[in-house]
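Working notes for the structure below.
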Amino acid sequence: MDASSRSRADTSKQSDQGAPPSPWKPTQPLFQGDPNADVILQSMDEFEFRVQKNILVIVSPLFRDMFSVGGPSERVPTEETTQIPELRAVPMLEETGDVVEKLLQLCYPGPLEPPTWSGATDVYPVLAAAIKYQVEGVVGVLRKALVSRKFLEEEPLRVFAMACRARLQEEARTAAQQTLRISDIGMSQEIDEFQFISGRTFYRLLKYRSECRTAAPTVVANGESMAWDTRRDWVWIACKASNGACAAKHRTSIESIHYHCGVSGWWNNYCSQAVSALDASPRGESVTAAAILTPALSEALKCTYCSSKALQHLQEFSGLLAQEVDKKTREIADTYDFCA
Ligand SMILES: [Zn+2]
């Protein structure tokens, strides 16, 4: 009986005793039958992986030290290991078979496919194992995977909690910024990962979000702080219409403080809408939304001068504004220690 079939037998035995059977099965034949293997890694759920010690030694100083002193456990040769006398067993007491296999896929050079992730919760245990076993190269890959665009968009709170749990400050800040997608954390669904972060970390997240709500609108509401906007050929400045939609110039407006000249009313209205949107949701995407752009553009089309360029210019301006908003909330995140 080979190692994998023994694992399956053990799993079914567990099932007989009432424990739920593991639905996972090994997917990489190499780790089940590598003829050049000289080490067996044993997962906590009793799957076994035949691997080459030299590869582990290269990627992990912890494995290197472990093998240099003879390893944590020397297996007494049994029926199936007598064929390969030097085979040594290394128990991995906190990692499931799924995690061990994914870790190995990332450690091994060559034609192995990298693992796929169905969610951020898939990434975390492999990342934790890579950190524990000091597989630095893999840690770097998994840190990036944890804050992949998909996971940040779909489950920013979960990513935040996991980054804090792994004490990854950079990723925690990235995820904290993405939690701004959620309007009210108190009204969102409780997630299991909250059990792994401290009350202080959660408090700091709430404080960060509150600070962003205060700061984001000032990126556009306070004319004196709009140094990021250096263009002076915007159509809302150039328009000299004395009647129609642009006749009402706002020389006392906050925007005029920045431009030192009058601006078209429709653009001023866009800024007011942007401030309100940022007040509710301090994210760049808030100011590029069609719901914010369309009312201002409808007004602009009534002006013969503005109508030809209003769409292009407002899209460009709102894009710049969005960048500045996200830059601002990132700068604020960088002042927080979420992993304390
Ligand atoms: Zn105009």
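The values are calculated or read from the model by the stated rules, or taken from the named source; none is laboratory data. What you are looking at is a predicted structure, and each value in this text was computed from that prediction instead of being measured. Don't worry about glycine lacking a Cβ; one is built from the backbone with ideal geometry, like all the others, and counts go over all protein chains shown.
Among 135, 159, 139, which is the only one that is touching a Cys at 6+ places or on another chain (Cβ under 7 Å) and either within 25 Å of residue 47 (Cα to Cα) or modelled with pLDDT of 95 or more (or both)?
On the way: 159 fails: touching a Cys at 6+ places or on another chain (Cβ under 7 Å); 139 fails: touching a Cys at 6+ places or on another chain (Cβ under 7 Å).
Just a single option satisfies the conditions, and that option is 135.
Take residues that are within 16 Å of the ligand (Cβ to nearest atom) and tell me which of the helices (runs of 4 or more DSSP H) falling wholly in segment 167-250 contain 2 or more.
On the way: elements: 169-178, 199-215, 218-221, 235-238.
Counting at least 2 such residues, we get 235-238.
For the structure I just gave you, tell me whether residue 339 is surrounded by fewer than 21 Cβ atoms within 10 Å (Cβ to Cβ) and either under 30 Å from residue 171 (Cβ atoms) or of a type in the set (S, T, N, Q) (or both). Break it down stepwise before answering.
Details: surrounded by fewer than 21 Cβ atoms within 10 Å (Cβ to Cβ): yes; either under 30 Å from residue 171 (Cβ atoms) or of a type in the set (S, T, N, Q) (or both): yes.
So residue 339 fits the description; yes.
Any idea which residue in segment 128-152 is surrounded by the fewest Cβ atoms within 10 Å (Cβ to Cβ), counting only those that are assigned to a helix (DSSP H, G or I) and within 8 Å of the chain's Cα centre (by Cα)?
Taking segment 128-152 and keeping what is assigned to a helix (DSSP H, G or I), we get 128-132, 136-146, 149-152.
Narrowing further to those that are within 8 Å of the chain's Cα centre (by Cα): 144-146, 149-152.
Details: 144: 11, 145: 20, 146: 25, 149: 8, 150: 11, 151: 22, 152: 21.
In this case the residue turns out to be 149.
Only one residue in 183, 188, 148 is touching a residue at least 40 places away in the same chain (Cβ under 8 Å), over 30 Å from residue 91 (Cα atoms) and polar (S, T, N, Q). Which one? It would help to see each step written out before you state the result.
Details: 188 fails: touching a residue at least 40 places away in the same chain (Cβ under 8 Å); 148 fails: touching a residue at least 40 places away in the same chain (Cβ under 8 Å).
So the residue among 183, 188, 148 that is touching a residue at least 40 places away in the same chain (Cβ under 8 Å), over 30 Å from residue 91 (Cα atoms) and polar (S, T, N, Q) is 183.
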